[in-house]
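The values are calculated or read from the model by the stated rules, or taken from the named source; none is laboratory data. A quick note: this is a predicted structure, and the numbers were derived from the prediction, not measured. Glycine also receives a Cβ, built like all others from the backbone with ideal geometry; neighbour counts cover every protein chain displayed. What goes into the accessible areas is simple: the full protein's heavy atoms, side chains included, and nothing from ligands, DNA or RNA. Shrake-Rupley method; radii C 1.70, N 1.55, O 1.52, S 1.80 Å.
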Amino acid sequence: MADNVPGDGQGEGSLVVRIFYELFGSPLNLTLLGVCAFLIYKIVASRRPSGPTVAREPELPPLKKQDFTLEQLREYDGKGSDGRVLIAVNGKVFDVTRGKRFYGPGGPYGLFAGHDASRALATFSLGEDALKSEYDDLSDLNSLQMESVREWEMQFQEKYIYVGKLLKPGEQPTEYSDTEDEEKTETEKKAE
């Protein structure tokens, strides 16, 4: 045998030497060993819990169904004591608190918190100029923009809790009964 393999010969000692030589004797084998070691490390590391887990904020109790003026809506900008965030879209008010990382203070859409976001969503504007300080009837939007508002409204209805409507100036709030809220809660529980 002229393979130039050291330790050719007898016994188990020579077998270990030959395996060692095969594994570490070639640059290609060294590279493959390095790749295998890296992949094993990544598999093991991915199964380990990563860093300290972020404590989840406790869920707030459901907000009693009610109608809001713009001034009342502004109180729910996520900066209050309970941190609740409400947003109005197309005359409907939604509790988006569970999406606080998006709609709360410091979030990418945080300027919508406590406001009627209809115009901003319709015009795809993240500027403060899209948020009106008085009631916005959206009458100057074109049909494409109004369709966009309705699509946003449907998305909010699917994802967040409807808590009431945005009142027009002079409009009286609807009196919602407690049983209506309880029936809604029971319906939501059955749907889950």
Practice task
All but one of (1) modelled with pLDDT under 80; (2) touching a His at 6+ places or on another chain (Cβ under 7 Å) hold for Glu186, so report the exception by its number.
Solution key: (2)
Handout entry: Tally, over segment 124-148, of residues that are part of a helix (DSSP H, G or I) and crowded, with 16+ Cβ neighbours inside 10 Å
Key = 3
Exercise for the section: Mind listing whichever residues of segment 84-97 are over 20 Å from Glu151 (Cα atoms), open to solvent by 10 Å² or more (accessible area, probe 1.4 Å) and either at pLDDT below 90 or in contact with a Lys or Arg (Cβ under 8 Å, 6 or more places away or on another chain) (or both)? Expected result: Thr97
